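The values are calculated or read from the model by the stated rules, or taken from the named source; none is laboratory data. Quick caveat, the model's predicted, so the values are computed rather than measured. All Cβ positions, glycine included, derive from the backbone under ideal geometry; neighbour counts span all protein chains shown. Note: areas computed on protein heavy atoms with side chains; ligands, DNA, RNA excluded. Shrake-Rupley method; radii C 1.70, N 1.55, O 1.52, S 1.80 Å.
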Amino acid sequence: MHGAPQSPELRVLLTRERIQARVAQMAADISRDYADQSVVLVGVLKGAAIFLSDLARQIQLDATFDFISVSSYGSGKQSSGEVRLNKDVDQSMANKNIILVEDILDTGLTLQFLRRLFLNRAPRSVKIAALLDKKSRRTEPVEADYVGFVIPDEFVVGYGLDYNERYRNLPDICILPPEMQ
Ligand code: IMP
């Protein structure tokens, strides 16, 4: 097996092969939708870094990328509903086609906050690409324009997603069982 050693308690939900195939399809959809236009991929640190790097290399458009960092107040998996901007993008967003790139859309608080923030910067357009969508957990009225996989309400790690900063480097997306949380 290549990549990081995977603990036997972690059950694979999405293999690296399925992820790569789906990311390629998402990139093809994006390339078609923005044909002959430029895009700015804005990745949400740190979880989306791996997804963005794979997606960006398959997008056949004039593209730049940038990163943003946010945190939601609260500890562990429970968020209080407040989102704070820790690091902003480096370039102007005016008149740009912005694609917010996120690892997972859960309650929707983070992307609702980010979408509003970027819509206030006079962009040409703002869309969302989320690799995973935990639809059943949504509390905010926000949906992604490009979704990789709709997944059940399980805590997942790998391919950028962490639990207390660990497991981001796993090549597959795995379910972290409750006894390990
Ligand atoms: P939201 O603001 O509730 O939509 O949550 C989005 C953020 O919660 C993501 O960017 C992740 O950092 C984190 N998150 C939600 N579910 C999971 C999960 O199953 N594994 C790892 N992180 C998660």
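Sort through A122, A130 and tell me the only one that's open to solvent by 30 Å² or more (accessible area, probe 1.4 Å) and of a type outside the set (K, R). On inspection, the qualifying residue turns out to be A122. Quickly run through the range 168-178 and pick out the residues that are within 9 Å of the ligand (Cβ to nearest atom) and not in a strand (DSSP E or B). Hit for the range 168-178 is L176, nothing else. Filter the range 8-62 down to the residues that are touching a Ser or Thr at 6+ places or on another chain (Cβ under 9 Å) and either in a helix (DSSP H, G or I) or charged (D, E, K, R) (or both) and list them by number. Correct list: K46, Q58, D62. In the range 78-89, the residues that are closer than 11 Å to F67 by Cβ form Cβ pairs under 7 Å with partners that are modelled with pLDDT of 95 or more and of a type in the set (D, E), at six or more places apart or across chains, as follows: V89/D66.
When D153 is tested against (1) within 9 Å of the ligand (Cβ to nearest atom); (2) in contact with a helix residue (DSSP H, G or I) (Cβ under 8 Å, 6 or more places away or on another chain); (3) assigned to a strand (DSSP E or B), only condition (3) is not met.
Scanning the range 79-113 for residues being polar (S, T, N, Q), within 13 Å of the ligand (Cβ to nearest atom) and open to solvent by less than 50 Å² (accessible area, probe 1.4 Å) gives a total of 3.
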